[in-house]
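Engineer: Dropping a structure here in structure tokens format, bear with me for questions.
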Amino acid sequence: MLKWLLVFSVIGFGLWVLVVRNRRSPPDQAPPKSRAMAECAHCGLHLPADDALLSGTRVFCSEAHRLAGPR
């Protein structure tokens, strides 16, 4: 009887170790790279430089603000 208790204990411990190992959180992923930002010359909104509209040396967030001009 003691032999079976030992066998089941070892099997239970092995299963518990497998379950705990599978529950670990995945390794941290690298944070997203930061993007260059620009400020709208009309309203001051900060937006990614890739999405900004250029008019000469000034940056605008939309076509309406580009047509309205700087503040």
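Engineer: For the stretch 15-60, how many residues are assigned to a loop (DSSP other than H, G, I, E, B), within 30 Å of Arg71 (Cα to Cα) and basic (Lys, Arg)? Full working, then the answer.
Structural biologist: Step one: of the stretch 15-60, the residues assigned to a loop (DSSP other than H, G, I, E, B) are 24-36, 40-45, 52, 56-57.
Subset that is within 30 Å of Arg71 (Cα to Cα): 34-36, 40-45, 52, 56-57.
When the remaining residues are screened for being basic (Lys, Arg), the result is 35.
Within the stretch 15-60, residues that are assigned to a loop (DSSP other than H, G, I, E, B), within 30 Å of Arg71 (Cα to Cα) and basic (Lys, Arg) number 1.
Engineer: Taking into account only those residues within the stretch 19-63 that are exposed (fewer than 10 other Cβ atoms within 10 Å of the Cβ) and among the hydrophobic types (A, V, I, L, M, F, W, C), which is farthest from the chain's Cα centre (by Cα)?
Structural biologist: Looking at residues that are exposed (fewer than 10 other Cβ atoms within 10 Å of the Cβ) and among the hydrophobic types (A, V, I, L, M, F, W, C), I get Val19.
Engineer: Is it true that Leu67 is part of a helix (DSSP H, G or I), surrounded by fewer than 10 Cβ atoms within 10 Å (Cβ to Cβ) and over 34 Å from the mean Cα position of the chain (by Cα)? Please lay out each step first, then the result.
Structural biologist: Details: part of a helix (DSSP H, G or I): yes; surrounded by fewer than 10 Cβ atoms within 10 Å (Cβ to Cβ): no; over 34 Å from the mean Cα position of the chain (by Cα): yes.
No, not satisfied.
Coordinate-derived values only; no laboratory data. This one's a predicted model, so the numbers in the text were calculated from it and none came from an experiment. Here the Cβ is made from the backbone with ideal geometry for all residues, glycine too, and neighbour counts use every protein chain on show.
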